[in-house]
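One structure is given below, encoded as structure tokens.
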Amino acid sequence: MAAAPTDAPTTHSASASAPGTVDLGPASGLSCRECGEIFPLGPIFACEHCFGPLEVAYDLPTGDPEALRKAIEAGPANIWRYAPLLPVPADVASKPNLNPGWTPLVKADNLARELGVEPGKLFVKDDSGNPTHSFKDRVVAQAIEAARAFGFTTLSCSSTGNLAGAVGAAAARAGFRSCVFIPHDLEQGKVVMAAVYGGDLVAIEGNYDDVNRFCSELIGDPLGEGWGFVNVNLRPYYGEGSKTLAYEICEQLGWVIPDQLVVPIASGSQLTKIDKGLRELIALGLVEDKPYKIFGAQAEGCSPVSAAFKAGHDVVRPQKPDTIAKSLAIGNPADGPYVLDIARRTGGAVEDVNDEQIVDAIRLLARTEGIFAETAGGVTLGVARKLVESGLIDPSLTTVVLNTGDGLKTLDAVADGSQATATIRPSLDAFRAAGLAH
């Protein structure tokens with residue numbers, strides 16, 4: 001299994017609340033995913049014994065599942081309806097936050113016909129409806145509650161684009177300073193979106209992995225005193241936000257687990273936490289225990305997990321990214337080995353598509369369901385299409401495909417061919433002459 005990088009410290013120099021005094025709701029501690037060692041809640045992300053990644057452990061509600069279901073359904077129309085299952089204080093809904101979540105689960109019958117999937121069986125979970133138009137609002141909402149609990153004053157991250165915008169917006173709402181780091185060659189739409197919230201935006205010469213290495217150095221330096229890096233020292237809490245996708249999908253299906261899910265892979269955290277969320281719902285009795293398959297989606301130009309899956313390897317070898325799907329362009333994904341475990345355990349797979357297939361899938365989703373996905377959504381739908389054609393996805397079973405961001409952020413990917421059908425004079429004769437009167 002993957003261990004946290006040995007050059008990254010396991011603690012932060014900023015003062016934090018004393019162990020046992022932090023109020024993060026049902027969160028009881030941090031557990032090492034490798035050796036099982038338990039640590040107090042705090043701004044740490046790696047086990048001091050084996051360097052394995054830490055994740056939140058809970059004292060989850062016990063008792064009548066029906067009562068818990070009703071309490072959730074009576075909650076706010078955002079992720080805080082699931083507060084009893086998340087590392088947040090009970091009064092989280094009253095705090096200044098972007099309140100993301102409860103995005104549409106679209107029954108995609110038009111798309112199903114194109115893919116050869118039975119009507120009523122294909123759904124798109126459209127997370128472009130979040131406040132900054134990507135699923136990253138979910139994870140940042142969790143991280144900012146941990147940042148409050150641990151007394152941080154600056155919110156930061158390394159980002160492929162969407163996370164930078166989500167951190168900037170959430171920090172502005174909550175009254176934090178923000179300073180975020182991105183690769184120098186991001187799509188301009190994402191750069192503007194990250195900068196507009198007034199925080200500091202720093203472009204690093206290099207790719208995302210270079211940015212991440214820089215942040216690991218900063219977090220151990222006095223310059224990083226008081227900084228909460230949402231995807232480093234706050235990563236265990238941050239990652240729990242992705243569980244809410246699993247919660248929402250099941251609730252929106254009538255408290256039923258879908259048979260098949262297709263999830264994009266960048267670091268791999270989203271996929272692993274969706275699986276964790278499904279297993280929690282089963283353990284709580286909120287859904288019936290049943291088999292499900294999870295499929296991972298990557299771009300061919302950055303497909304280290306897909307390559308490892310196809311080769312039958314347990315080790316994910318890093319790659320240098322070269323793809324239009326920049327939000328997924330993480331060549332050394334931290335959760336890659338865990339993605340492999342989940343895909344194999346559930347009977348799923350990890351597949352990839354090339355840039356042309358990504359663009360085709362973006363256009364297909366827009367044309368059939370009126371959903372304009374960014375390139376990551378094109379990757380996910382492109383892989384879903386490929387898996388249906390290969391027979392790995394059963395077209396008779398309920399399938400959910402995730403769209404994690406808005407296509408307005410990646411306009412360059414589809415700019416060619418997305419122009420006016422015709423330019424005419426303002427007259428009916430000109431309209432007829434253009435061949436459009438039909």
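The values are calculated or read from the model by the stated rules, or taken from the named source; none is laboratory data. What you are looking at is a predicted structure, and each value in this text was computed from that prediction instead of being measured. For neighbour counting, all protein chains shown are included, and Cβ atoms are generated from backbone atoms with ideal geometry for every residue, glycine included. When the accessible area is computed, the model is the full protein with side chains, heavy atoms only, and any ligands, DNA or RNA have been set aside. Shrake-Rupley method; radii C 1.70, N 1.55, O 1.52, S 1.80 Å.
Residues in segment 313-355 that are part of a helix (DSSP H, G or I) and open to solvent by 40 Å² or more (accessible area, probe 1.4 Å): 326, 341, 344, 345, 355. Checking each residue in segment 379-417 for being surrounded by 12 or more Cβ atoms within 10 Å (Cβ to Cβ) and among the hydroxyl-bearing types (Ser, Thr, Tyr) picks out 380, 398, 399, 404, 410. Taking segment 154-178 as the range and being part of a strand (DSSP E or B) and surrounded by fewer than 21 Cβ atoms within 10 Å (Cβ to Cβ) as the test, the residues that pass are 154, 177. Would you point out the residue of segment 225-279, among those that are in a helix (DSSP H, G or I) and of a type in the set (Gly, Ala, Ser), that is surrounded by the fewest Cβ atoms within 10 Å (Cβ to Cβ)? Top of the filtered list is 277. Can you find a residue that is of a type in the set (D, E, K, R) and out of contact with any helix residue (DSSP H, G or I) (no Cβ under 8 Å at 6 or more places or on another chain) anywhere in segment 262-278? For segment 262-278, residues of a type in the set (D, E, K, R) and out of contact with any helix residue (DSSP H, G or I) (no Cβ under 8 Å at 6 or more places or on another chain): absent. Within segment 59-81, being surrounded by fewer than 21 Cβ atoms within 10 Å (Cβ to Cβ), in contact (Cβ under 8 Å) with a residue 60 or more places away in the chain and not acidic (Asp, Glu) holds for 60, 61, 65, 68, 69, 72. If we scan segment 254-273, do we find a residue that is within 29 Å of residue 233 (Cβ to Cβ), within 20 Å of the chain's Cα centre (by Cα) and without any contact (Cβ under 8 Å) to a residue 60 or more places away in the chain? So far as segment 254-273 goes, yes, one or more of its residues are within 29 Å of residue 233 (Cβ to Cβ), within 20 Å of the chain's Cα centre (by Cα) and without any contact (Cβ under 8 Å) to a residue 60 or more places away in the chain.
Consider segment 280-289 and keep the residues that are in contact with a helix residue (DSSP H, G or I) (Cβ under 9 Å, 6 or more places away or on another chain) and part of a helix (DSSP H, G or I). The one that is least open to solvent (accessible area, probe 1.4 Å) is 281.
Kindly indicate the residue of segment 324-357 that is among the hydroxyl-bearing types (Ser, Thr, Tyr) and over 14 Å from the mean Cα position of the chain (by Cα) and also farthest from residue 404 (Cα to Cα) among those meeting that condition. Selected residue: 346. The residues of segment 356-368 that are touching a residue at least 24 places away in the same chain (Cβ under 8 Å) and surrounded by fewer than 22 Cβ atoms within 10 Å (Cβ to Cβ), listed by number, are 357, 359, 363, 364, 366, 368. If you go through segment 126-153 and keep only what is among the hydroxyl-bearing types (Ser, Thr, Tyr) and open to solvent by 10 Å² or more (accessible area, probe 1.4 Å), you end up with 128, 153. For segment 177-186, does any single residue satisfy the condition of being of a type in the set (Lys, Arg) and in contact with a strand residue (DSSP E or B) (Cβ under 7 Å, 6 or more places away or on another chain)? Yes, because at least one residue in segment 177-186 is of a type in the set (Lys, Arg) and in contact with a strand residue (DSSP E or B) (Cβ under 7 Å, 6 or more places away or on another chain).
Taking residues in segment 398-420 that are touching a residue at least 24 places away in the same chain (Cβ under 8 Å) and of a type in the set (Ser, Thr, Tyr), and partners anywhere that are in a loop (DSSP other than H, G, I, E, B) and open to solvent by less than 10 Å² (accessible area, probe 1.4 Å), the pairs with Cβ atoms closer than 8 Å and at least 6 places apart or on different chains are 398/258; 399/258; 399/393; 404/374; 410/374. Taking the condition open to solvent by 50 Å² or more (accessible area, probe 1.4 Å), in contact (Cβ under 8 Å) with a residue 60 or more places away in the chain and within 20 Å of residue 379 (Cα to Cα), does residue 310 pass? Criteria not met by residue 310. Can you say whether residue 100 is in contact with a Lys or Arg (Cβ under 6 Å, 6 or more places away or on another chain) and either touching a residue at least 12 places away in the same chain (Cβ under 8 Å) or open to solvent by less than 20 Å² (accessible area, probe 1.4 Å) (or both), as far as the supplied structure shows? So residue 100 fits the description; yes.
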